[in-house]
Amino acid sequence: MGQLKSQTKPFEISKWEVKEAWEEVRANKGAPGVDGQRIADFENDLKGNLYKVSNRMSSGSYFPPPVRAVAIPKWSTLEVLRGLIMR
């Protein structure tokens, strides 16, 4: 017979930590993410969206899209690294 999966999640991320992170994004008037979702759109189902984020992060099933770093030369000798989302 097969064994039951453990009921514990691989990462301990509290719902309060996710909520606090959300409040920081909202306070900073965060820009839309890779998915183009605006703060107002996220707030339409805030409880459900925070639950999804919390659940996916704590279960280890949240995988952000890969990012490629690209150096952009500036007028001085400095370069700025920008992340390009790879799809």
**Prompt:** For the pair residue 38 and residue 12, how long in nm is the line joining their label points, each one 7 Å along Cα→Cβ?
**Reply:** 4.0 nm
**Two-site label geometry, residue 28 and residue 49: point separation in nm, points 7 Å out along Cα→Cβ** = 1.6 nm
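Every read-out reported here was derived from the displayed coordinates using simple, explicitly stated rules and does not represent laboratory data. All figures in this text were calculated on a predicted structure; none of them were measured in a lab. No Cβ is skipped: glycine too gets one built from the backbone with ideal geometry, and neighbour counts run over all protein chains shown.
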